[in-house]
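Rule-based calculations on the coordinates, nothing more; no lab input. Note that the structure is predicted; figures quoted are calculated from it, not measured. Cβ sites come from the backbone with ideal geometry, for glycine too, and all protein chains shown count toward neighbours.
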């Protein structure tokens with residue numbers, strides 16, 4: 001199994017301050033079945049990939065402090 005070609009520059013990584021949480025997503029999607037990652041599928045379709053879109057398709061709520 002190969003790594004996701006977007007793994008080195010995935011914007012989602014910046015959302016995680018805990019390395020263990022990020023590592024969980026990486027093992028499941030980035031270094032696993034990346035073809036099932038919603039972020040990956042959207043990028044292949046040329047669609048926008050929101051930073052808060054998780055690989056499983058869930059969208060993280062952004063805190064009020066990060067809203068612009």
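With a cut-off of 8 Å between alpha carbons and a minimum separation of six or more residues, what is the relative contact order of the chain in percent?
So the answer I get is 29 percent.
Once you have the Cα-Cα distance between residue 35 and residue 60, take 0.36 nm times their residue separation minus that, and quote the gain in nm to one decimal.
Fully extending the segment from residue 35 to residue 60 adds 6.9 nm.
Rounded to the nearest 500 deg cm²/dmol, what is the calculated helix-only ellipticity per residue at 222 nm for the chain, with -39500 (n - 2.57) per DSSP H run of length n ≥ 4?
Calculated from helices alone, the mean residue ellipticity at 222 nm is -5000 deg cm²/dmol.
Give me the one-decimal nm value for the distance between modelled label points at residue 52 and residue 9, 7 Å along each residue's Cα-to-Cβ direction.
Using points 7 Å along Cα→Cβ, the separation is 2.5 nm.
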